[in-house]
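For reference, the structure discussed in these notes is given below.
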Amino acid sequence: MLNVTSISKKFGGNQVLTDVSIKLDRATPITGLIGPNGSGKSTLFQIIMGFCSQDSGRVEFSGRRLDSLPPEKRCHAGLSLTFQDSRMLSFMTVEDNLTAIPTPQYGESLVRTFLFPRMVRRQEQEIRDKASDILKLLSLSDQARQPAGSLSYGQRKLLEIGRVMMTDPQLVLLDEPTAGINPTLIQSLVNVLETLVDKGIRFFLVEHNMPLVSQLCDRVLVLDAGELIFDGTAADARSDEKVVRAYLGSDVHAVS
Amino acid sequence: MQQQRCWRICITPSVNLLYYLQLLINGIVAGSVYALFAVGLTMVYSIFRFINFSHGELIAWGAYSVLLFASAPFNLPLWLAVFPAMLLVVTLAQLQNRFVFSPLKNSQPVTLLIASIGLSFLLRGLLQLYFGSDLRSYETSLYESIDIGGIFVTHVQMAMLCLSIIFFVALHFLLTKTLIGKSMRAVSDSIELAGIYGISTRNVSIFVWTISSVFAASGGFLLALDTSLDPMMGLSFMIKAFAAILLGGVGNVWGALLGGLCIGIIENISTAFVSPGYKDFSAFALIVVVLLFRPQGVIAVAKQGIR
Amino acid sequence: MEYFLHISIICLIYILFSSSLNLELGCAGLYNFGHVGFFAIGAYSSTLITLSDYPVWCGFLSSMLIAGAVGALFSWPVLRLTGDYFGVASLAFAEMVRLLLLNERWLTRGPMGIPGIPQIEVMGRIDNYTNLVVALLLTTVSLFILKKILSSPFGRTLKLIREDEHVARAFGKNVVSFKIRTIAIGSAFAGLAGAFWAHYIGYISPNDFTLQLTVLVLLCVVLGGRGTLLGPVVGSIIVIAVGEGLRFLPLPASMTASVAHIQSMLFGLVLVLLMLRRPQGIIAESHLLQET
């Protein structure tokens, strides 16, 4: 499905990614990407989504080259991304956070808004229904009319997944979905993810919570200092010598 | 605007070339002063991450405060009036920093920009209130010019060029050799990191505002000496400085220098082809052209930060 | 009474003008500081068209079209910039427009300006009551349209873009297209406001369209509250009231000439204080006070 071929990226004099190749297929519902801080995980995601351009290498999705496409076109191709720092649309209501997402909407065309209000209204109703279903699933229905800025951090993370659910992506890049949220919410997040997997959505996630990674992911990739050092099951990753060294050695790196 | 410089316009090709050469020289001179403005603007940007709109007012205040100290109650000779004038403008810049920009440091850049627009109106209103809206000029006899093989360079123009060179050399040493200059470069790379390493962002911002206001005020004074004083002068110079930093890559001191020179040369050469009323237009047109072809600046820098 | 009528009409024009800016600045987060350029384009195009013997409504329509089209054209290169870069570049645009108006004398008569612009005439009546009614009508209809735009999915997506462009793009919104359309609409309404102003005042010159006006309108929007429909309305009323009120201050005779300067100083000061103390304006878009 996703085919990343020998991606390299330099920031200034810093080699962030070196010749990273990753192949994801539909058979694996959730693939994990782990690695010490600064190993280039987020950069890789930004490159796949198109927010950042690679120095060399290719990104293909469902057999289509994505390299020259801007993020919005990549989204149309079926990719989606959640951000590491929970990006909240704080001044919009929780409901609007969801209803604004689907693309294209009839109402986004001004001609249609003024000339065919009924068509716009009908679609708007569909979108709202979908949003309220999702809010129910995330148990955020009571806060639907509140500004999203008033939600707790964990709820925001849930809402972000909710935004993904509004679209019908094939593959979602989740950048640390559980960072800083409490265990109860993690469980509901896991439930939501499993529901989505059943619907046929595939995930590629960056995560630091190892127990969660072994629980969720059938396949784990490990990045260290911009290089892919492991590809296999979570259980194998724990016993892999290189992976262990990467994590234990990371302190030594930071000091030097 | 009165034009004290004189140049010959003849039809014969050789003299025509001389005419363009004259325009080029004028452009380099004006451009070197624009570069001074642009450097101040870009340095403030690299620390505060906003385009300081009231930079133009520092320029105008520089010119007018020299007039203030050179006239009625003080009656200082022009060269002496420059010093208290610089002091006044630097104080003004520090007050801005202390009471407006530092408190807003963590706001969005647009908040800072709006505040600086407000500030610029306040300051310009003050100028107009005290000096009136008419054009003024200094009483001086500095307008003699030297004839170098048919090209005329006035004393003022020489002073402009020399001052810019001196200031840029000094700036280079400040940035590379002194602690405060190095700290400034560190802060411009990352405020958070600099804070961790114990660099006082407060001192750095004081330093930046001092440099930027001295550069602006002295440039403003020299340009006013060359042409005249106008309460609205700040705005168009500010826009030119902005065009220069867009051209040179934002946050890049040497880019600002080159950008300023380019703007000066282009706008002076353009007077040969279009009506002089459009002289200011070229800077704006350049902004649009730059944006169309190289939004990241002509002299692209790999990363933000003073280099 | 005549004075009161005059103030009301001016106020309505400002409401229209600042609401159009609010669409860009408040809703889409586009800090357009060159809005006065479109106001000028509207004023000049309507003037020139009516002076070649077309009816006034024709002038209004064409001013909207021309200003809107120029807006779309201008935004195309400039939208590559974000935030404050965009702001300063748009400001440069407004100055460019002013220079063009000053220098293209064959079209605009340059600094002399154009006098004798046809007045608005409804059923044979030309007076300030007619002007007021027309202004009220234009402003109400425009506000209604703007409200409709804001509450439509289009407006919602604009807010999404304002809040976070990255999120919008990650979810497939064509950000540039939205912004261009927003600027086109905002400019069209600014053009309409300019056209009405020209016909009401009867005389225009390039010096009416300086940065002063931009700051005034910016103040109306920021003071009233960005991103709300009511904000610019409230803001405009306050700004006009205070601005006019200054004329009645018991100043010594020698100072009367400098009222304009005091005005601009005051407005500048209010902008600074507003940014320091209450950046969200009088009517905050969300009751949630967001710490920035």
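Every number in this text was worked out from the coordinates using simple rules, so none of it is lab data. Note that the structure is a prediction, hence the values are computed from the model and not measured. Please note: Cβ atoms are built from the backbone with ideal geometry, for glycine as well, and neighbour counts cover all protein chains shown.
Which value in nm describes the separation of the simple spin-label points at A:Asp142 and B:Asn75, placed 7 Å from the Cα toward the beta carbon?
Here the modelled spin labels are 8.1 nm apart.
So for A:Met119, B:Met238, A:Met165, C:Met112, fewest C-beta neighbours within 10 Å to most, what's the order?
Placing the least packed residue first, the sequence is C:Met112, A:Met119, A:Met165, B:Met238.
What pairs in A:Lys73/A:Lys130; A:Lys157/A:Lys242; A:Lys9/A:Lys199; A:Lys9/C:Lys179; A:Lys23/A:Lys130 have C-alpha atoms more than 26 Å from each other?
Going by Cα-Cα distance, A:Lys157/A:Lys242; A:Lys9/A:Lys199; A:Lys9/C:Lys179; A:Lys23/A:Lys130 fall outside the 26 Å limit.
Taking every alpha carbon pair in the range A:1-132, what does the distance histogram look like in 5 angstrom bins from 0, in percent?
Distribution as computed: 2, 8, 15, 16, 16, 13, 12, 9, 6, 3, 1, 0 percent.
Where in the range B:84-117 is the amide nitrogen less than 14 Å from a point lying 7 Å along the Cα-to-Cβ axis of B:Arg136?
The answer is B:85.
Can you tell which of A:Ala179, A:Leu81, A:Ala131 lies farthest toward the positive end of the dipole of the range A:74-179, using +1 and -1 charges on the Cβ of basic and acidic side chains (Lys, Arg; Asp, Glu)?
Going by the charge dipole, the pick is A:Ala131.
Based solely on C-alpha atoms, express the radius of gyration and the Dmax of chain B in angstrom.
Cα only, chain B: 19.3, 66 Å (Rg, Dmax).
Which whole number gives the average count of other chain Cβ atoms within 10 Å of the Cβ atoms across peptide B:232-245?
2
From the phi angles alone, apply the Karplus equation (6.51, -1.76, 1.60; θ = phi - 60°) to the range B:258-274 and give each ³J(HN,Hα) in whole Hz, x where the residue is Gly or Pro.
Using θ = phi - 60°, the values come out as 5, x, x, 4, 4, 4, x, 5, 4, 5, 6, 4, 4, 5, 6, 10, 10 Hz.
Please compute one quarter of the surface area of the Cα convex hull for the range A:152-256 and express it in square nanometres.
One quarter of the hull surface, i.e. the mean projection, equals 7.7 nm².
Using label points projected 7 Å from each Cα along Cα→Cβ, tell me how many nm separate B:Leu179 and B:Leu95, to one decimal.
3.1
Average partner chain C-beta neighbours within 10 Å, per residue of A:110-119? Walk me through the numbers on the way to the answer.
Values: counts 10, 0, 3, 7, 4, 0, 0, 2, 0, 0.
Per residue, the number of nearby Cβ atoms from other chains is 3 on average.
Evaluate peptide A:143-153: per residue, the Cβ atoms of other protein chains within 10 Å of its Cβ; return the mean as an integer. Spell out each step's value before the answer.
On the way: counts 0, 0, 0, 3, 5, 3, 6, 3, 0, 0, 0.
Counting other chains' Cβ atoms within 10 Å and averaging over A:143-153 gives 2.
Which one of C:Ile161, C:Ile120, C:Ile262 has the biggest mean-square fluctuation once chain C is modelled by GNM with Cα springs under 10 Å?
C:Ile262
What is the range B:110-165 by shape, rounded, prolate or oblate, if you read a ≥ b ≥ c off the alpha carbon gyration tensor as root eigenvalues and call it rounded for a/c under 1.5, prolate for a/b larger than b/c, and oblate otherwise?
The shape class here is oblate.
Could you tell me the extents of the protein assembly as shown's C-alpha atoms along the three principal axes, largest first, rounded to whole Å?
Over the protein assembly as shown, Cα extents along the principal axes are 87, 75, 56 Å.
I want to verify a result. In a Gaussian network model of chain C, Cα cutoff 10 Å, which of these has the top mean-square fluctuation: C:Ala188, C:Ala241, C:Ala67?
Checking each option, the largest mean-square fluctuation is seen for C:Ala241.
Kirkwood Rh, the range B:135-174, all Cα pairs: how many Å?
12.0
Given a 10 angstrom Cα cut-off, can you work out which residue in A:Arg128, A:Arg26, A:Arg245 is the most mobile in a GNM of chain A?
A:Arg245
Along the Cα-to-C-beta direction of C:Arg105, a point sits 7 Å from the Cα; which residues of the range B:266-287 have their amide N less than 16 Å from that point?
B:274-279
Restricting to Cα pairs below 8 Å that are 6+ residues apart, what does the relative contact order work out to for chain A? Please round to a whole percent. Each step should come with its number before you reach the end.
Values: 418 pairs, mean separation 68.8, N = 256.
Reported relative contact order: 27 percent.
Assuming a ≥ b ≥ c are the square roots of the Cα gyration tensor eigenvalues, decide whether the range A:58-145 counts as rounded (a/c under 1.5), prolate (otherwise, with a/b larger than b/c) or oblate.
Oblate, since a/c reaches 1.5 and b/c is not below a/b.
Mind checking the full-extension length gain between A:Arg58 and A:Leu115? Use 0.36 nm per residue of separation minus the Cα-Cα distance, one decimal, nm.
Length gained between A:Arg58 and A:Leu115: 16.1 nm.
Report, please, the projected area of the range B:71-190 averaged over directions, based on the convex hull of its C-alpha atoms, in nm². Walk me through the numbers on the way to the answer.
Values: hull surface 46.9 nm².
Orientation-averaged projected area of the Cα hull: 11.7 nm².
7 Å from Cα along Cα→Cβ at both A:Glu194 and B:Ile166: what's the point-to-point distance in nm?
About 7.8 nm, to one decimal.
Which three extents, in angstrom, do the Cα atoms of chain A have along their principal axes, listed largest first?
62, 41, 35
If you consider only alpha-carbon coordinates, what radius of gyration and Dmax does the range B:20-72 have, in Å?
When restricted to the Cα atoms of the range B:20-72, Rg and Dmax are 14.6, 41 Å.
So which aspartates and glutamates can C:Lys173 reach, going by Cα to Cα under 12 Å and dropping same-chain residues fewer than 8 places off?
A:Glu72, A:Glu108, C:Asp164, C:Glu165
Using R₀ = 25 Å, calculate the FRET efficiency as 1/(1 + (r/R₀)^6) where r is the Cβ-Cβ separation of A:Asn209 and A:Asp168; round to 0.05.
Values: r = 27 Å, r/R0 = 1.09.
Working from the Cβ atoms, E equals 0.35.
Just round it to a whole percent: the fraction of Cα-Cα distances in the range C:68-151 exceeding 23 Å. Walk me through the numbers before you get to the answer.
Details: 1972 of 3486 pairs.
Of the Cα pairs, 57 percent sit more than 23 Å apart.
Two decimals is fine: what's Rg over Rh for chain C, C-alpha atoms, Kirkwood radius as Rh?
On the way: Rg = 18.8 Å, Rh = 19.5 Å.
My calculation puts Rg/Rh at 0.97.
Test of understanding: ordering B:Leu95, A:Leu33 by Cβ neighbours within 10 Å, fewest first, what list do you get?
Values: B:Leu95 11, A:Leu33 26.
Lowest count first: B:Leu95, A:Leu33.
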